[in-house]
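Contents: one structure, followed by commentary.
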Amino acid sequence: MQNEKKRDTIRKMKKGEKTLQELSKEIQYIKGVGPSRAKLLNKLGIETLEDLITYYPRDYEDRGKPVSITYLQDGEEALIEAVAISRVNEVRIRKNMTIYKLMVRDETGTCVITWFNQSYLKNRFYMGKKYKFYGKVSVKYGKIEMNSPVFDDENSSKNTGKIIPIYPLTYQLSQNTIRSIMENGLKLVDGKLEETMPEYIRKEYHLEDINTATHQIHFPVDFEAFEKARKRLVFEELLSMQLALMGLKNQTVQEKGIEYSKEVKMSTIINDLPFKLTKAQLRVLEEIDRDMELDKPMNRLLQGDVGSGKTVVSVVAAYKAVKCGYQVAIMAPTAILASQHLESFQNLLNPYGIRCELLIGSVTKKRKEEILEKLQAGEIDILIGTHALLEENVVFQNLGLVVTDEQHRFGVKQRGKIIAKGNHPDVLVMTATPIPRTLALILYGDLDISIIDELPPNRKKIDTYAVTKEMEARIHVFIKKQIAEGRQVYVVCPLVEENEEIKAKAAVELTEKYQKELFPEYRVALLHGKMRPKEKDEIMQEFKEGKIDILVSTTVIEVGVNVPNASIMVVENAERFGLAQLHQLRGRVGRGEYQSYCILKYQGNSEVIRQRMKIMQSTNDGFVIAEKDLELRGSRRIFWNKTAWTSRI
């Protein structure tokens with residue numbers, strides 16, 4: 001009995017090794033590929049057989065249900081079964097442009113099938129014989145046409161009569177080619193893929209086995225089979241992700257961290273602040289204080305809406321760390337935001353003798369050397385900076401707390417790099433990007449989550465208006481009135497340069513229009529991501545100092561810049577932004593004593609666009625907006641991967 005079990009184990013091991021070898025087979029050796037196609041597939045990230053079978057379709061076409069010709073709708077893609085009632089007629093339009101036309105008929109009506117420059121089709125069809133055609137329909141003045149369809153003979157189903165996968169592709173690689181290659185790849189692993197999911201989980205959640213799921217995600221027999229395959233693969237991906245995050249979290253829990261003294265009270269600085277903290281801020285600080293006094297490293301995500309007061313929370317946490325004998329690193333995504341943080345930290349911490357310093361790219365070499373020397377000697381308590389903090393020569397004497405602001409702008413590796421400069425320091429990551437709690441738990445499963453869900457009482461509501469092109473003249477008058485009263489204006493565009501495919505106004509062109517036509521009497525400047533960091537910082541500083549009246553920008557101003565005098569945010573082509581992003585942009589105004597306004601200029605009249613604009617006008621709550629954004633757009637941007645198939649989650 002034992003020998004039989006042993007032999008069975010050996011057989012399984014050998015089978016697994018063989019499958020593993022098969023999966024690692026280079027793509028060029030799969031039937032139908034070869035060296036030249038392998039290069040095209042490599043551009044898509046497909047280098048092995050395993051890469052191929054996990055390159056999932058981005059969409060599907062249902063070519064299985066024929067429609068009667070009389071019921072065809074203009075603009076739809078449909079399958080018809082019809083008899084050829086003419087020969088293929090050749091019509092030469094001009095040089096290098098020939099149209100081939102075929103008349104077909106079913107029991108309900110006739111349809112003209114057209115192709116362009118497909119001379120091989122001249123003798124392909126026979127009068128009186130039935131064919132299947134799938135393509136886009138055009139109905140004009142009662143005349144029905146189908147343009148450039150794929151087709152099969154009556155008894156064939158190569159291109160029609162089934163659900164067809166549509167893959168993300170690169171130039172020179174057709175859908176038919178990759179489908180054929182995919183079929184050949186799947187044949188090599190048919191029934192051989194090793195099951196990765198325990199049987200009890202598959203039974204409990206009614207999940208397909210890995211072999212069935214892999215085949216049905218590519219070539220489903222029907223949409224029910226596709227849904228089952230998708231459920232299995234999505235479940236496995238999310239389970240793997242959660243297990244990995246749990247592993248990270250457990251690893252952190254087992255590490256010995258800094259146990260901060262209970263004698264150093266956060267209440268000391270809280271009571272001295274020139275303003276009262278909200279209940280939400282106090283609740284979050286209790287959670288942070290409790291974490292810091294444990295002997296395990298703190299790993300906490302702080303979510304707070306724009307203007308909710310995350311920075312002051314990090315100041316209080318930094319106060320406790322420094323008074324307990326440790327140094328603090330504050331990392332921000334931009335130099336202007338880092339400089340802003342330095343100002344806030346110094347204003348609140350200087351009375352306690354806490355030494356703050358700034359390290360950004362524009363710091364001179366001599367000054368940088370001085371800072372690094374003092375840091376290593378323990379003469380700097382809090383170092384605030386950008387990615388410059390990640391450099392190897394930045395050495396802390398005793399790093400105890402790491403704070404990363406606008407966490408979504410930093411990768412996990414960058415966060416890990418700054419953490420490695422201390423001995424299991426506490427970590428606080430902050431974001432103003434509202435993330436629905438369920439998604440936050442998935443994305444940041446290795447972190448505990450704190451939420452500031454309350455705005456300070458003196459925070460003015462930003463009046464938001466969604467308008468169409470007809471309102472532009474009134475908007476320009478309103479802008480002039482605000483500037484005359486001493487205010488400043490942001491104008492945000494989705495692109496830096498005009499793109500033929502995306503009809504959105506370019507920031508470069510709009511700046512010229514503002515300067516020469518609309519507002520020649522005012523100081524108009526341009527800011528976009530392609531500028532050098534130093535140039536961007538200089539422009540933003542000038543705007544902050546009131547030397548610029550109108551700042552035309554791309555979304556580089558989305559993150560945390562504080563200009564209290566800016567009272568108007570105009571967003572061009574607002575329909576091109578996500579709701580959460582629009583909310584982030586809106587948060588750039590309303591940061592001072594003046595009533596502020598957000599004007600969303602949009603194009604299009606679809607129901608989704610109208611809903612989105614209505615949401616922005618009806619609420620200033622970032623978490624409500626994030627939930628609605630998820631509802632309307634789905635979670636495709638959260639779970640996007642190289643093959644885009646998880647966009648359906």
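The values are calculated or read from the model by the stated rules, or taken from the named source; none is laboratory data. Everything numeric in this text was worked out from a predicted model, so none of it was measured. Note: ideal-geometry Cβ built from the backbone for every residue, glycine included; neighbour counts use all protein chains shown.
Give the residue, chosen from ILE418, ILE371, that is modelled with pLDDT under 90 and in a helix (DSSP H, G or I).
Just a single option satisfies the conditions, and that option is ILE418.
Every residue in the range 291-313 that is assigned to a helix (DSSP H, G or I) and crowded, with 24+ Cβ neighbours inside 10 Å, please.
MET292, LYS310, VAL313
When LEU389 is evaluated against the numbered criteria (1) surrounded by fewer than 20 Cβ atoms within 10 Å (Cβ to Cβ); (2) modelled with pLDDT of 85 or more; (3) assigned by TED's automatic domain parsing to the domain that holds GLY353; (4) assigned to a helix (DSSP H, G or I), which criterion, by number, is the only one it fails?
Result: LEU389 passes all but (1).
Which residues, taken from the range 595-614, are surrounded by fewer than 19 Cβ atoms within 10 Å (Cβ to Cβ) and in contact with a helix residue (DSSP H, G or I) (Cβ under 9 Å, 6 or more places away or on another chain)?
GLN603, GLY604, SER606, VAL608, ILE609, GLN611
If a residue counts only when it is more than 21 Å from SER156 (Cβ to Cβ), which strands (runs of 3 or more DSSP E) contained entirely in the range 60-109 have at least 3 such residues?
The strands (runs of 3 or more DSSP E) meeting that bar are 89-94, 97-105.
Which numbered condition in (1) over 40 Å from the mean Cα position of the chain (by Cα); (2) closer than 30 Å to HIS218 by Cα; (3) part of a loop (DSSP other than H, G, I, E, B); (4) not basic (Lys, Arg) is the only one that PHE125 fails?
Among (1) over 40 Å from the mean Cα position of the chain (by Cα); (2) closer than 30 Å to HIS218 by Cα; (3) part of a loop (DSSP other than H, G, I, E, B); (4) not basic (Lys, Arg), PHE125 violates only (2).
GLU224 versus (1) acidic (Asp, Glu); (2) over 31 Å from the mean Cα position of the chain (by Cα); (3) assigned to a helix (DSSP H, G or I): which is the lone unmet condition?
Here GLU224 meets the rest and fails (2).
Report the residue count in the range 53-85 for those that are polar (S, T, N, Q) and surrounded by 16 or more Cβ atoms within 10 Å (Cβ to Cβ).
1
Would you call LEU359 modelled with pLDDT of 95 or more and within 16 Å of MET331 (Cα to Cα)?
No; evaluated as a whole, the condition is false for this residue.
Name the residue that is farthest from TRP115 (Cα to Cα), counting only residues in the range 150-196 that are small (Gly, Ala, Ser), assigned to a loop (DSSP other than H, G, I, E, B) and more than 30 Å from the chain's Cα centre (by Cα).
Selected residue: GLY191.
Among the numbered criteria (1) out of contact with any Phe, Trp or Tyr (no Cβ under 8 Å at 6 or more places or on another chain); (2) surrounded by fewer than 16 Cβ atoms within 10 Å (Cβ to Cβ); (3) not acidic (Asp, Glu), which one does ILE166 miss?
(1)
Considering only the range 601-617, state which residues are assigned to a helix (DSSP H, G or I) and touching a residue at least 24 places away in the same chain (Cβ under 8 Å).
Selection gives VAL608, ILE609, ARG612, MET613, LYS614, ILE615, MET616, GLN617.
For residues that are over 16 Å from VAL556 (Cβ atoms), in a loop (DSSP other than H, G, I, E, B) and in contact with a strand residue (DSSP E or B) (Cβ under 8 Å, 6 or more places away or on another chain), tally how many sit in the range 573-588.
Of the residues in the range 573-588, 1 are over 16 Å from VAL556 (Cβ atoms), in a loop (DSSP other than H, G, I, E, B) and in contact with a strand residue (DSSP E or B) (Cβ under 8 Å, 6 or more places away or on another chain).
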